[in-house]
Structure formats: C-alpha cells, structure tokens
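What follows is a short report on a single structure.
The values are calculated or read from the model by the stated rules, or taken from the named source; none is laboratory data. If you're wondering where the values come from, they're calculated on a predicted model, not measured in any experiment. Here Cβ is always computed from backbone atoms with ideal geometry, including for glycine, and neighbour counts include all displayed protein chains.
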Amino acid sequence: MEENEETEIEIKRKIEEVIHHLTVLGQRNLQREEEANEIEIENAKLLELQKKLKKIQQKNTQTKLFMLLGAIYGTITGSTIYAANCLYNQEIDFEGGGMIFGGTLIGTFIGGLISKYK
C-alpha cells in the first residue's frame, strides 16, 4: 500500500509540475503574443511616419521648385521692366538693379504662396 500511496503522491507531484510547466509556457506564449502585437503596432506607426515624412519632403521639393520658377519669372519681369524703362527714358540708371531684385523677391514669394495653397 505504501508503494501505491508513494506512486500516487509522485504522480500528483508530477501532475502539478506539468500543470506548472504548462502555465509557465502559456504565460510565455501570452508575452510573445503581446510582444508580437506591440511589434505590429510599432511597425504600423513607423510606416505612417515614413509616409508623412515622404509627403513633407515632396511638398518641400515642390515649394523649392515653385520658388525657383517664381524667382526666374520675377527676374525676367524685372529685367524687362528695367529695359523698357531704359528705352523709354533713353538712359541707363542704377535703379534698375532694384527693379530686378524686387522682381526676383516678389516672384519667389508668389512661387512660395502658389506651392503652399496649391
């Protein structure tokens, strides 16, 4: 009888060990699932941030392009106005530099506004 009791006690102990081991494994699996979910969430955040960065970079490139085109247009316009003024007055003065520079600044400003509100 004592052997049966010891065997029963040993079996119960082994059952408890297996249950404990299964519990530990279950907890590990839950932690892994939670970690996997956290990794998925962080990856989604990363993708979203990369998309936002790409949009901002594209917008900055467009802004620079429009400002460059505006500056070129303003320079051409300022030079044309200066040339017309020189032909009309039949003299060359140094105020034309202001017209060209002003045209460039205004063109750059307008190009920036166009790209912002496009």
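For residues that are modelled with pLDDT under 85 and among the charged types (D, E, K, R), scanning just the range 45-89, find the one that is farthest from Ile110 (Cα to Cα).
Among those residues, the one meeting the criterion is Lys59.
Just need a number here: residues in the range 46-100 that are of a type in the set (Phe, Trp, Tyr), more than 40 Å from the chain's Cα centre (by Cα) and not in a loop (DSSP other than H, G, I, E, B).
2
If I ask for residues that are among the hydroxyl-bearing types (Ser, Thr, Tyr) and buried (at least 17 other Cβ atoms within 10 Å of the Cβ), which ones from the range 98-118 would you list?
Answer for the range 98-118, where residues must be among the hydroxyl-bearing types (Ser, Thr, Tyr) and buried (at least 17 other Cβ atoms within 10 Å of the Cβ): Thr104, Thr108, Ser115.
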